[in-house]
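Novice: Okay, here's the structure, questions in a sec.
The values are calculated or read from the model by the stated rules, or taken from the named source; none is laboratory data. Every value quoted in this text rests on a predicted model; they were computed, and no experiment measured them. Neighbour counts run over all protein chains shown; Cβ positions are idealised from the backbone, glycine included.
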Amino acid sequence: MSKLTPTESLILDCLAARYRLGENLWTFDSRLQPQMDRLNAAGLVTSMHGIIEKTIRASLTEDGKKAVISKSYTPPGTGKWRTLSKKVISLDHATRVVTKVQEARR
């Protein structure tokens, strides 16, 4: 990957943040077309016309994800997060059961 400009780095950071939140595409102002073209040529993003006039939609390519997403990143709902989520749900369920038993005893 060649040296990126600050604007190109910000575009990649924005797309990485959106990817972590589950968004595959994000919309940018069309004034960023030159930067988007350079990132596209580097194989880091895929871009297309936006739905709204004067916008561009972009997403990270697999190479883009490798460049900006940490190898240790685990998406929510997988790995340790899924285990933790199940424990929280189980704890919540147990709390509701105990509350119902206590109310029934009154």
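Novice: Of all residues being out of contact with any Lys or Arg (no Cβ under 8 Å at 6 or more places or on another chain) and over 15 Å from residue 59 (Cβ atoms) in region 6-29, which is surrounded by the fewest Cβ atoms within 10 Å (Cβ to Cβ)? Just the residue, please.
Specialist: For region 6-29, the residue satisfying everything is 6.
Novice: Can you tell me which residue within region 30-47, out of those that are part of a helix (DSSP H, G or I), touching a residue at least 12 places away in the same chain (Cβ under 8 Å) and aliphatic (A, V, I, L, M), is surrounded by the fewest Cβ atoms within 10 Å (Cβ to Cβ)?
Specialist: 32
Novice: While we're on this one: Give just the number: which of (1) in contact (Cβ under 8 Å) with a residue 12 or more places away in the chain; (2) in contact with a helix residue (DSSP H, G or I) (Cβ under 7 Å, 6 or more places away or on another chain); (3) surrounded by 11 or more Cβ atoms within 10 Å (Cβ to Cβ) does residue 61 not satisfy?
Specialist: With respect to (1) in contact (Cβ under 8 Å) with a residue 12 or more places away in the chain; (2) in contact with a helix residue (DSSP H, G or I) (Cβ under 7 Å, 6 or more places away or on another chain); (3) surrounded by 11 or more Cβ atoms within 10 Å (Cβ to Cβ), residue 61 is out only on (2).
Novice: Are there any pairs, at least 6 apart or on different chains, whose C-beta atoms fall under 9 Å, with the first in region 1-24 and within 21 Å of residue 72 (Cα to Cα) and the second among the acidic types (Asp, Glu), and if so, which?
Specialist: Filtered contacts from region 1-24: 1/63; 15/23; 17/23.
Novice: Is it the case that some residue within region 16-29 is touching a strand residue (DSSP E or B) at 6+ places or on another chain (Cβ under 7 Å), part of a loop (DSSP other than H, G, I, E, B) and assigned by TED's automatic domain parsing to the domain that holds residue 61?
Specialist: Yes.
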